[in-house]
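A.B. asks: Take a look at this one; I'll ask things after.
The values are calculated or read from the model by the stated rules, or taken from the named source; none is laboratory data. Because the structure is predicted, anything quoted here is derived from the model rather than measured. Neighbour counts run over all protein chains shown; Cβ positions are idealised from the backbone, glycine included.
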Amino acid sequence: MCGICGCSDMSFSGKFIPVNKANALLFTSYDSNQGDESADKSRLIQMEVDLLDKNNSYAAKNRLYFQEHGVFVLNLVSSPGAGKTTLLVETIKILKDFFPIAVIEGDQQTQHDADRIRATGVRALQINTGRACHLDAQGIGVAVAKLGIENNSFLAIENVGNLVCPSAFDLGEAHKVVVLSVTEGDDKPLKYADMFYAADLMIINKIDLLPYVDFNMDRCITFARQVNPSIHIIELSATKGDNFDEWTNWLRVSMQKVIKSHAL
Amino acid sequence: MHELSLLENVRSILEEHARSQHFQAVENITLEIGALSCVELEALTFAFEAVMKDSLAEHAELTFKRIEGQGRCFECGQLTPMTELYDVCTHCGHFRLEIVSGLEMKITELKVR
């Protein structure tokens, strides 16, 4: 019998049953064949399996590998055109003499971004996801093996430009970094809340364009903190270099911590 | 459309369980989906048939159990209902909330034969 209204019909397929956590438990023990001996041999199996279980177990393997090898990994996410590749290219130029850097590029098609990274002299591997809209942990595991990543290095994973799907997929990274450019509008953190909730760091890029666009920085930061009170925020311009030190310093400090704990 | 990837996961979970728990077909799949999770139920339902085609769940039906969103306010410590990740506390208006429930995306029950 139904635990909500007492009806006897349990075939809710495709319909929405609003329940809260407490009375959801009432649902887990019904037997639709009760009292119907002539029914087929259907049986019920109870389980608790997360839909992301498979991805999460690959992500855990990746994370362990990164910890054991002192690899600091960032998963960069944004909408298309926010400036992830330019941010990486400029970062590599400044930091490549301090520690080894490698990049995994995710795009549906083309090698363009990996070519831009390779032009800086660091290793890059392009994953073309085809129709898929995000990278997954299994693909990252394969890419890491192919790429051959040095110990005590920085690995940047540039995800597919998409503010929706990559939020759910843990790749084994230390942090998700969401890049938002001021040309996109200050209400993006509310419109795509899942992503800003999942990220630890938000980079607000293209601040050199602030005089030309209708973008309210305070509003944007307030919205981001409303979704994720602990999100760290850095405002910069990757092309003009404005406030770029704050980002590269953050990276250097993070790298030092990883190298230190790897040495222990 | 990450719902497609999630359903491919469901399919492989079903195949694994079919081997270990000895069943040939799945008649119903119960999914527990939190109101604050990143899953769009319509997209999930839409893609279900395509992903399950030629599998042991080809004729299966989907049952959704909705888990309501709930947060605990850092400020006043009370529980408050949430329908969006950016909701504020209904008691004190503060937005520092720790999500207590609503992010679930789980298979909780299979009807098999």
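A.B. asks: Go through the range A:139-165 and give me each residue that's polar (S, T, N, Q) and within 9 Å of residue A:100 (Cα to Cα). Lay out the reasoning, then the answer.
C.D. replies: Step one: of the range A:139-165, the residues polar (S, T, N, Q) are A:151-153, A:159, A:162.
Passing the criteria: A:151, A:152, A:153.
A.B. asks: How many residues does the range B:84-104 contain that are under 24 Å from residue B:39 (Cα atoms) and assigned to a loop (DSSP other than H, G, I, E, B)?
C.D. replies: Filtering the range B:84-104 for residues under 24 Å from residue B:39 (Cα atoms) gives B:84-89, B:95-104.
Adding the requirement that they be assigned to a loop (DSSP other than H, G, I, E, B) leaves B:84-89, B:95-96, B:102-104.
Of the residues in that region, 11 qualify.
A.B. asks: Taking residue B:44 as the residue in question, decide whether it is closer than 27 Å to residue A:132 by Cβ, of a type in the set (A, V, I, L, M), touching a helix residue (DSSP H, G or I) at 6+ places or on another chain (Cβ under 7 Å) and at pLDDT below 95.
C.D. replies: Numbers: closer than 27 Å to residue A:132 by Cβ: yes; of a type in the set (A, V, I, L, M): yes; touching a helix residue (DSSP H, G or I) at 6+ places or on another chain (Cβ under 7 Å): yes; at pLDDT below 95: yes.
When the stated conditions are applied, residue B:44 passes them.
A.B. asks: Among residues belonging to the range A:176-220 that are in contact with a Gly (Cβ under 9 Å, 6 or more places away or on another chain) and buried (at least 23 other Cβ atoms within 10 Å of the Cβ), point out the one that is farthest from residue A:72 (Cα to Cα).
C.D. replies: Applying the filter and picking the extreme gives A:220.
A.B. asks: Among the residues of the range A:46-105, which ones are within 14 Å of chain B (Cβ to nearest Cβ), within 15 Å of the chain's Cα centre (by Cα) and hydroxyl-bearing (Ser, Thr, Tyr)?
C.D. replies: Within the range A:46-105, the subset within 14 Å of chain B (Cβ to nearest Cβ) is A:46-59, A:77.
Those left that are additionally within 15 Å of the chain's Cα centre (by Cα): A:52, A:55-56, A:58-59, A:77.
Residue satisfying the conditions is A:58 alone.
A.B. asks: Continuing with the same structure: Check residue B:112 against each of (1) without any contact (Cβ under 8 Å) to a residue 60 or more places away in the chain; (2) touching a Phe, Trp or Tyr at 6+ places or on another chain (Cβ under 8 Å); (3) facing another protein chain (nearest Cβ under 9 Å); (4) among the hydrophobic types (A, V, I, L, M, F, W, C) and name the one condition it does not meet.
C.D. replies: It fails just one condition, (1).
A.B. asks: Of all the residues that make up the range B:54-75, how many are in contact with a helix residue (DSSP H, G or I) (Cβ under 7 Å, 6 or more places away or on another chain) and more than 9 Å from chain A (Cβ to nearest Cβ)?
C.D. replies: Here is the first cut: in the range B:54-75, the residues in contact with a helix residue (DSSP H, G or I) (Cβ under 7 Å, 6 or more places away or on another chain) are B:55-58, B:60, B:62, B:64-65, B:67.
Right, trim to more than 9 Å from chain A (Cβ to nearest Cβ) and you get B:55-58.
The number of residues fulfilling the criteria is 4.
A.B. asks: Go through the residues of the range B:43-51 one by one and say whether even a single one is more than 9 Å from chain A (Cβ to nearest Cβ), under 24 Å from residue A:46 (Cα atoms) and β-branched (Val, Ile, Thr).
C.D. replies: yes
A.B. asks: Residues to consider are B:13, B:67; find the one that is in contact with a Gly (Cβ under 7 Å, 6 or more places away or on another chain), of a type in the set (Val, Ile, Thr) and within 18 Å of residue A:168 (Cβ to Cβ). Reasoning before the result, please.
C.D. replies: On the way: B:13 fails: in contact with a Gly (Cβ under 7 Å, 6 or more places away or on another chain).
Criteria check complete, one pass: B:67.
A.B. asks: Starting from residues that are among the charged types (D, E, K, R) and part of a helix (DSSP H, G or I), keep the ones in the range A:118-151 and report whichever is surrounded by the fewest Cβ atoms within 10 Å (Cβ to Cβ). Before you say what the answer is, go through the steps one by one.
C.D. replies: Going residue by residue through the range A:118-151, those that are among the charged types (D, E, K, R) are A:118, A:123, A:131, A:136, A:146, A:150.
Still in the list and also part of a helix (DSSP H, G or I): A:118, A:146.
Numbers: A:118: 16, A:146: 11.
Among them, the one singled out is A:146.
A.B. asks: Additional query: Among the β-branched types (Val, Ile, Thr), surrounded by 18 or more Cβ atoms within 10 Å (Cβ to Cβ) and more than 9 Å from chain A (Cβ to nearest Cβ): is that true of residue B:30 in this structure?
C.D. replies: In short, no.
A.B. asks: Continuing with the same structure: Filter the range B:81-109 down to the residues that are without any contact (Cβ under 8 Å) to a residue 12 or more places away in the chain, out of contact with any strand residue (DSSP E or B) (no Cβ under 6 Å at 6 or more places or on another chain) and more than 9 Å from every other protein chain (Cβ to nearest Cβ) and list them by number. Steps first, answer last, please.
C.D. replies: Filtering the range B:81-109 down to residues without any contact (Cβ under 8 Å) to a residue 12 or more places away in the chain leaves B:86, B:88, B:90, B:93, B:95.
Add one more test, that the residue is out of contact with any strand residue (DSSP E or B) (no Cβ under 6 Å at 6 or more places or on another chain), and what stays is B:86, B:88, B:93, B:95.
If the condition is that a residue be without any contact (Cβ under 8 Å) to a residue 12 or more places away in the chain, out of contact with any strand residue (DSSP E or B) (no Cβ under 6 Å at 6 or more places or on another chain) and more than 9 Å from every other protein chain (Cβ to nearest Cβ), then B:93 is the only one that fits.
A.B. asks: What is the number of the single condition among (1) under 13 Å from the mean Cα position of the chain (by Cα); (2) more than 7 Å from chain A (Cβ to nearest Cβ); (3) not charged (D, E, K, R) that residue B:78 does not meet?
C.D. replies: Among (1) under 13 Å from the mean Cα position of the chain (by Cα); (2) more than 7 Å from chain A (Cβ to nearest Cβ); (3) not charged (D, E, K, R), the lone unmet condition for residue B:78 is (1).
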